[in-house]
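Just below is one structure, and these are the notes that go with it.
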Amino acid sequence: MIKATLRRIAPQLAILALALALNFIVFPDFFSIRMQNGRLYGNLVDVLNRGAPTALLAIGMTLVIATRGIDLSVGAVMAIAGAVAALAVTSGHHWTAALGAGLLAGAVCGLWNGFLVAVLGIQPIVATLVLMVAGRGVAQLLTEGAILTFNDPGLSGLGSGAILALPTPVWIWVGVALAAGLLVRRTALGMLIEAVGVNERSARLAGVDSRALLIAVYLVAGLCAALAGVIVAGDIKGADANNAGLWMELDAILAVVIGGNSLLGGRFSIAASLLGALIIQSVNSAILLSGMPVEFNLVIKALLIIAILVIQSPKVKRAVYLLRASTGQPARETRPPAPRRPAEEGRT
Amino acid sequence: MIHRNTLRGLLLGAAMLTPASARAAGETIGFSQIGSESGWRAAETTVTRQSATERGYDLKFADAQQKQENQIRALRSFIAQGVDAILVAPVVATGWDEVLKEARDAEIPVVLLDRTVDAPDDLYLTAVTSDTVHEGVVAGDWLKEAVGDRACNIVELQGTTGSSPAIARKKGFEQSIASAPNLKITRSQTGDFTRAQGKVVMESFLKSEGGANICALYAHNDDMAVGAIQAIKEAGLKPGSDILVVSIDAVPDIHLAIAQGEANATVELTPDMAGPAFDALEAFWKDGTLPPKWIQTESRLYTSADDNQAVYEEKKGLGY
Amino acid sequence: MEQMAEPVLQATGVSKYFPGAIALDEVDLRLYPGEVHALLGENGAGKSTLIKCLTGAYARDGGAILLEGVEIDPRDPLDSQRLGIGTVYQEVNLLPNLTVAENLFLGRQPTRFGFVDHRRMKRDSARILAEYGLEIDPGRLLSSFSIAVQQIVAIARAVEMSGKVLILDEPTASLDREEVELMFSVVRRLTARGLAVVFITHFLDQVFALCDRATILRNGRVVGSRLLREAGQTEIVTLMLGRQLEAATRTPHEAEPGEVLLSFAGFGRRGAIEPFDMTIRSGEVVGLAGLLGSGRSETCAAIFGAAPADRGEARLRGLPVRLGDPREAVGHGLAFCPEDRKIDGIVGDLSVRENIVLALQARQGWAKPISRARAQEIAEGYVKALDIRLAHLDMPIRLLSGGNQQKALLARWLATEPALLILDEPTRGIDVGAHAEILNLIERLRARGMALLVASSEMEELVACAGRVIVLRDRRQVEELTGADISPDAIVRAIAGEEEAA
């Protein structure tokens, strides 16, 4: 089981190593970590910390994409959840209540998406586009177009605090990832989600409750987005409805794709998507650390991502495989040592 | 002068419960606003409304929601209603000739707020805008004086790449510090005008340059500066003393930061574009005085010498 | 024909390996101009794999392919098409939303002044199709014609583009008798022009009606090549199966059925199946007979809740029961193997093991996962019991042959130990061997006290297994035959008699 997982995420691990090496090249001090004010301080920690929103979104997005769907609204849901949490805490509620309110907002958004997709049968890209557009407007209404600032140490601690020397967002996304991983792989959810993603009709006819599963994955995506939104708000001690989570849905989808998950649904790996999120964050980090003129930012990012996707393309993989095969390794690994001949006895 | 107007508007704003239309004696003015994409924009709307009420105008407000077609439609409707003047904050620079001609034919003066357009300047009365290059100059001049002769490495948080305020504010600042060889920009990255990105990029600056090697931060807007201040604090340094912070816009939160000693200076982009516009209109109505084609708003510098707590309290209610 | 010196296509020693299995083991095939060459074998014998190797859809692992004496190595189906090998599949792979003419000329449209010359395209299309005996308007959408016409358009396109070898992969599987005749006449015209045709089908009578020669594969090897005018049907079947075919017909069981399991009153669905009354007892096989579109499949779908009934009531062991969706039906111990395995049955990318435990897992709920070890045990048990041929349980089910997929689906439902098993066309697209095995299985399950509802278009099949046959016509149950009254003739008479009456 563990061996299979490792084999699945090996390409992503290799690319992450390359991306980190790139950081090292542009900034040799990249790997240095020291303690400062009782917390770990260094670029590597930043990658883990700044990758938190994308990582959280990627968890939910992986599940949604596994069902052959997509959720374009996660960025807007981040803005809504951040606004709701900020509003709750500025109107005097405890930060835990504010967090709860933010998560509830995310859950409502997720259920709305799930309803449109699973019950009304609207195509996911269209259904979630509704909330992508309207959601940010809702967030702006909540904050009245301004950045809604707060000073609650509890809520801002979610975004900028530290527990046992590690930034809180790192704990949160790792925790959510483990919980999600256990939830889908220790129960039958993962397999059922994959079944729905591969062939919903067949799965439904086999008695799988595809409707409930679809609603559930959009719900999880909404909750993950809400958590990311609260973290981002906590980080800057304010809910910025105009900018929070802007275009983050695209980073989340990219993380899932870099993670080698098919946009056509089916087999998925949350771990690989998380590595995808870290790869994206490493690329961002390398761009910042390189000190290149800002006009190059997007071009460099695009080139790096194209390179990553090319490395992962089936043709290149096959070429690598053939290259390995031609350099001394057994030319045909697929040939079985003792192939089965089931009907040998039947020959007349 | 302009500033006093703003303050008066603010003070009156609180008591402003009577609707504008109640003072029917005044002129009718149509105002086509871009939308409410930023806090500053919201404040501009608030201040314009307050200022109009105070002067006894009937202000017809139209929110274009970032679409030029909505603005043109609003202008045509203002013209049809026969308003006495039109204020427009144009969402884009081109495509205005026709509707502006219609306004001229109807003899309705048009004042451009905050941005200009690519149209012959006889099609509008005047344009009230801030000089964004000058804002950068003011910020740079302050830093030169604050630093004096010692060497100072500056990190710069740029606005959204390619946007005109980012280009102009960078240009003005560089012009100003060009005369001071001891000031040097060592890192410059975009923070997309947002608080979150300002914080992320500052974190990276602090690590790649080393916090001790950064003498000052210049941010193209206050939001990025506020984010960066948090990053500086989290790195164990004191913003405002270990690292000087100067930025532009003068939104309420930066006044608070200056009051708390965490930021040092900000250059105001006044939300009161309407005040000078109304002044020009009144002179024009009175005896046909033609204002200059460009009325530049004051780029006022706020430092710790001002009562920032008071300014914060005043500005808080403007919708920033 | 064997005297003709030069084969147009000659494959020697073609091999193909899949992880854990040899799909093709040094297969030879000679194809002469002007002949129809049948490629025969059970499901999983390697027919499709051989075709895919010939057309370049698979990269072969060994062997050589000579076309008119020149060695070729097609990289993909397009490449082989350019070289002269055209292929037509059971599922028409043209574009239904384009016109017939556009489909014929797609990718090589005649142009005039740089623009597509639509008029010439239509004129040429009409001329070409006339050669195939089709007098249709090529300007109409492809989808407006029957599958048979679409098949012939596909053949015409393949021949026009390739012109040396035509491979027909189960082209007749979804055609009725007249359409099959039309198809045959087209093939005969082509061979008369010197074209070589490879014909793959499960219908032995069609093989003998059309083909000149047959090459028989078993387990990835060629076990024989025969001139059909010299060979007997038994010989061919023996070669295919490697054993003598068991008697295909069997006297229906005599045993008394048990308790009433399910009963329906006024049960129906608007636009699908007229309200009907029916009872199904434990330990009996009820057959559903009728022409295509008579309501066979619709009855199955209504009972299972796949297209739920909107009127009438159902009782399970005497108590009213709701069958609103498949999940409810599964919860009540119903199971359903649908007609279209690929669309409604298998979950292609999931492993065979996961496919087998899917229904059981769905019924248990997500919170009670079936452990991997338990799943392995269940799957292995059924692989053995049903003789499912596969390399390993981790392979995606879509890689299995049709018959083995069907058995895996049966395993999926048997794992839930259903009280009623509904089978819609259980033997469609399945070779003779698996066919007999499935009929045997039906009898074994019945003997164990299971109730079975079998919908089939093959009357012999119903005669062989059902204790009671309900005949449908025009979405209505018209007659019920029991015991000794059940015979193909009786069923046909029931359908036809009603037709006259109506």
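Each of residue B:182 and residue C:460 was given a label point 7 Å from its Cα along the Cα-to-Cβ line. The distance between the two points is 10.5 nm.
Computed from the C-beta positions of residue C:372 and residue C:265 and an R0 of 45 Å, the FRET efficiency is 0.50 to the nearest 0.05. Cysteine residues of the protein assembly as shown whose C-beta has no other cysteine C-beta under 4.7 angstrom: A:109, A:224, C:53, C:211, C:300, C:337, C:465. Give the separation of the Cα centroids, region A:254-275 to region A:1-27, in Å. First find each Cα centre; the distance between them is then 14 Å. DSSP beta bridges fully contained in region C:260-501 are about 55 percent antiparallel. For region C:452-483 versus region B:241-290, the inter-centroid distance based on Cα atoms is 88 Å. Taking label positions 7 Å along the Cα-Cβ direction at both residue A:34 and residue B:237, the computed distance is 1.3 nm, reported to one decimal.
State whether the protein assembly as shown is rounded, prolate or oblate according to the following rule on the C-alpha gyration tensor (a ≥ b ≥ c being the square roots of its eigenvalues): a/c under 1.5 gives rounded; otherwise a/b larger than b/c gives prolate, and the remaining case gives oblate.
Judged from the Cα gyration tensor, the protein assembly as shown comes out prolate (a/c at least 1.5, a/b above b/c).
Here the accessible area of region C:260-501 is 48 percent carbon and sulfur, with a 1.4 angstrom probe and all protein chains present.
Which entries of B:170/B:199; B:67/B:199; C:52/C:164; C:342/C:407 show an alpha-carbon separation above 22 angstrom in the structure shown? Long pairs (Cα-Cα over 22 Å): B:67/B:199.
Spacing of the modelled spin labels on residue C:189 and residue A:163, each 7 Å from Cα toward Cβ, amounts to 7.7 nm.
If I take R0 = 56 Å and measure r between the Cβ atoms of residue A:264 and residue C:256 in this structure, what FRET efficiency does the formula 1/(1 + (r/R0)^6) give, to the nearest 0.05? Efficiency for this residue pair is about 0.60.
The overall shape of chain A, judged from the alpha-carbon gyration tensor, is oblate: a/c is not under 1.5, and a/b is no greater than b/c. The region of chain C that goes longest without hitting one of the chymotrypsin sites (Phe, Trp or Tyr not before Pro) in a DSSP loop, each with at most 13 other Cβ atoms within 10 Å, is C:204-502.
For a straight C-alpha distance cut-off of 16 angstrom, the aspartates and glutamates reachable from residue B:184 (same-chain residues fewer than eight places away being disregarded) are B:141, B:145, B:149, B:156, B:174, B:209. The gain in end-to-end length when the residue C:82 to residue C:291 segment is fully stretched comes to 71.1 nm, 0.36 nm per residue minus the alpha carbon separation.
When each of the peptides A:69-76, A:11-18 is scored by the mean number of other C-beta atoms lying within 10 Å of its residues, the order from highest to lowest reads A:69-76, A:11-18. Relative to the longest principal axis of the Cα atoms of chain A, the long axis of helix A:2-26 makes an angle of roughly 60 degrees. Beta-bridge orientation, chain C: approximately 55 percent antiparallel, per DSSP, counting only bridges with both partners inside.
Full extension of the segment from residue B:300 to residue B:67, taken as 0.36 nm per residue of separation minus the current Cα-Cα distance, would add 80.8 nm. Could you work out how far the C-alpha centroid of region B:292-320 sits from that of region A:97-169, in angstrom? Using only Cα atoms to place each centre, the spacing works out to 33 Å.
Around the Cα centre of chain C, unit charges on the Cβ atoms of Lys, Arg, Asp and Glu (plus for the first two, minus for the last two) sum to a dipole of about 1240 debye. Between residue C:398 and residue A:317, the C-beta separation translates, for a Förster distance of 22 Å, into a calculated FRET efficiency of about 0.60.
Taking a virtual spin label 7 Å from the Cα of residue B:293 along the C-beta vector, which residues in region B:73-91 bring their backbone nitrogen under 11 Å of it? The answer is none.
Mean residue ellipticity at 222 nm from the helices of the protein assembly as shown, using -39,500 (n - 2.57) per DSSP H segment of n ≥ 4 over the full residue count, to the nearest 500 deg cm²/dmol?
-15000 deg cm²/dmol
Within the protein assembly as shown, what percent of beta bridges assigned by DSSP are antiparallel, to the nearest 5? The answer is about 45 percent antiparallel.
From the Cα gyration tensor of chain B, with a ≥ b ≥ c the square roots of its eigenvalues, which class applies: rounded if a/c is under 1.5, or else prolate if a/b is larger than b/c, or else oblate? Prolate is the answer for chain B, as a/c is 1.5 or above and a/b outweighs b/c.
The values are calculated or read from the model by the stated rules, or taken from the named source; none is laboratory data. Quick caveat: nothing in here was measured; it's all calculated off a predicted structure. Virtual Cβ from ideal backbone geometry, glycine too; neighbours counted across all protein chains shown. Just the protein is used for accessible areas: all its heavy atoms, side chains included, with ligands, DNA and RNA removed. Shrake-Rupley method; radii C 1.70, N 1.55, O 1.52, S 1.80 Å.
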